[in-house]
Amino acid sequence: MRDSIRIILLTNQRERLRLPEFGGNLGQFLFEPNTVTTRHQIQERINRALAQWEPRVAVESVSVEPDPADVEAAIATIQYRLVATQARE
């Protein structure tokens, strides 16, 4: 499941020829400033992409926080529940 989520989030829209809408398009934020606004946009994008493209999970929370080791980086934490088994990850 983690690999599936990673693929969704790291795929840019229009990257797949037969499914151009697919992906989280997070690469768009690569050179954006690491601000509260940018992190909030990333959080919204993650929620939206997983709701649209991964029906096997129910996202419980997404947090995007600055990386204490790198002022230009952010860390996204996704808590979700598997729909079929109700197991939390």
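Each value in this text was obtained by applying a stated rule to the coordinates, not by laboratory testing. Computed from a predicted structure; not experimentally measured. As a convention, Cβ positions derive from the backbone with ideal geometry for all residues, glycine included, and neighbour counts pool all protein chains shown.
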Exercise. Have a look at the chain and give its Rg and Dmax from the Cα atoms, expressed in angstrom.
Key: 13.5, 40
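Nearest 20 debye, what's the magnitude of the dipole of the range 1-59 about its Cα centre given +1 on Lys and Arg Cβ and -1 on Asp and Glu Cβ?
120 debye
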